[in-house]
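Written below as structure tokens is the structure these notes are about.
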Amino acid sequence: MADCLFCKIAAKQIPAKVAYEDDEVIAFDDINPAAPVHVLVVPKKHIATLNDAQPGDAQVLGKLMTAAAQVAADRGIAGSGWRVTVNVGKDAHQLVFHVHLHLMGGRPFGWPPG
Ligand code: 5GP
Ligand code: ZN
């Protein structure tokens, strides 16, 4: 999608610190990290929010999870623990309308989240 920040990062039109990449998924460090490890895991295909996901997107959405686990292992937090968050819409504070997992770890988190 032409005017989408994460499409531009996936197309390498905007630089990012890439943590993982394959043909369908790219993961990169969040520019404003909320934890020692804070990586965004993104489908290369533009899907605005999980509200817009179609049955045919299930495979790539699953790949986001396995990519997150790979990055967690690579960053050394598989054993200490980590969290995946997906914000959907206004109440969840979604700011970038291209689906992304927040992979966060390297410190303890509270529950429930704020
Ligand atoms: P959301 O609130 O939509 O779930 O999360 C969007 C995330 O994107 C935020 O954590 C924010 O820090 C991150 N972000 C916004 N702009 C950029 C950018 O230009 N580069 C990177 N790497 N992350 C960004
Ligand atoms: Zn996009």
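The values are calculated or read from the model by the stated rules, or taken from the named source; none is laboratory data. In this text, all values refer to a predicted model and were calculated from it rather than measured experimentally. Cβ sites come from the backbone with ideal geometry, for glycine too, and all protein chains shown count toward neighbours. Protein only, heavy atoms only, side chains kept; ligands, DNA and RNA dropped before computing areas. Shrake-Rupley method; radii C 1.70, N 1.55, O 1.52, S 1.80 Å.
Of all residues in region 1-24, those satisfying the criterion of being more than 13 Å from ligand 2 (Cβ to nearest atom) and either assigned to a strand (DSSP E or B) or without any contact (Cβ under 8 Å) to a residue 40 or more places away in the chain (or both) are Lys12, Pro15, Ala16, Lys17, Val18, Ala19, Tyr20, Glu21, Asp23, Glu24. Of the residues Ala72, Ala58, the single one that is in contact with a strand residue (DSSP E or B) (Cβ under 9 Å, 6 or more places away or on another chain), closer than 22 Å to Glu21 by Cβ and assigned to a helix (DSSP H, G or I) is Ala72.
Is it true that some residue in region 27-43 is of a type in the set (Asp, Glu) and open to solvent by 10 Å² or more (accessible area, probe 1.4 Å)? Yes: region 27-43 contains one or more residues that are of a type in the set (Asp, Glu) and open to solvent by 10 Å² or more (accessible area, probe 1.4 Å).
Please specify each residue of region 44-67 satisfying the condition of being within 16 Å of ligand 1 (Cβ to nearest atom), of a type outside the set (D, E, K, R) and open to solvent by 50 Å² or more (accessible area, probe 1.4 Å). If the condition is that a residue be within 16 Å of ligand 1 (Cβ to nearest atom), of a type outside the set (D, E, K, R) and open to solvent by 50 Å² or more (accessible area, probe 1.4 Å), then His46, Leu50, Asn51 are the ones that fit.
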